[in-house]
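Before any comments, here is the structure.
Since every read-out is calculated from the coordinates, none of them should be taken as a lab result. Predicted, not measured: the structure shown is a model, and the values here were computed from it. Here the Cβ positions follow ideal geometry from the backbone for every residue, glycine too, while neighbour counts run over all protein chains shown.
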Amino acid sequence: METKRDRGAVPIAGVLDGLLKHLRPEAEDGMLQIWRVWEAAVGDEIARNARPAAFKGAVLLVHVSSSSWVHHLQFLKADLIARVNAALKRPAVEEIKFKVGSF
């Protein structure tokens with residue numbers, strides 16, 4: 001038997017997803033675009049060891065597999081920014097921050 005409370009019930013995942021898209025639509029869209037171009041822009045080896053984790057404003061947070069990869073990618077930062085922006089066909093990323101993180 002359906003109660004008054006059951007009518008219009010929505011799974012919480014759907015509510016949260018809609019809320020995030022409403023509050024930060026440009027960030028969510030930007031992150032999706034970065035995910036789409038990431039591997040082609042940075043290459044296979046980097047893509048196996050570094051993944052976009054968050055995008056806010058023009059700052060991209062990238063989770064990296066180890067501290068040695070963080071160190072290595074620091075030297076490539078300017079080139080990676082240029083390659084990602086070229087793949088996006090717009091200057092969306094101005095800064096990349098690397099952090100050892102989970103995949």
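Between residue 88 and residue 35, what is the spin-label point distance in nm, taking each point 7 Å from the Cα along the Cα→C-beta axis?
Here the answer is 1.5 nm between the modelled labels.
So if R0 is 22 Å, what FRET efficiency would residue 95 and residue 75 give, r being the distance between their Cβ atoms, rounded to the nearest 0.05? The partial results should precede the final answer.
Details: r = 15 Å, r/R0 = 0.70.
Rounded to the nearest 0.05, the efficiency is 0.90.
How long is the gain from residue 61 to residue 48 if the chain were fully straight, where each residue apart is worth 0.36 nm and the alpha carbon distance is subtracted? Kindly include the intermediate steps, with their values, before the conclusion.
Working: separation 13, 0.36 × 13 = 4.68 nm, distance 1.58 nm.
That works out to 3.1 nm of additional length.
Add +1 for every Lys or Arg and -1 for every Asp or Glu among the other residues with Cβ under 13 Å from the Cβ of residue 84, and state the total.
Details: positive: 36, 51, 77, 83, 89, 90; negative: 39, 79, 94, 95.
Combined, the nearby Lys, Arg, Asp and Glu give +2.
Grab the range 25-100 and count how many Lys pairs have their alpha-carbon atoms under 17 Å apart, sequence gap of 8 or more, or different chains.
Numbers: 56/97; 56/99; 77/97; 77/99.
For the range 25-100, qualifying lysine pairs total 4.
Using the Cα atoms of the range 41-103, I'd like the radius of gyration and the largest Cα-Cα distance, Dmax, both in angstrom.
Cα radius of gyration and Dmax of the range 41-103 are 10.8, 30 Å respectively.
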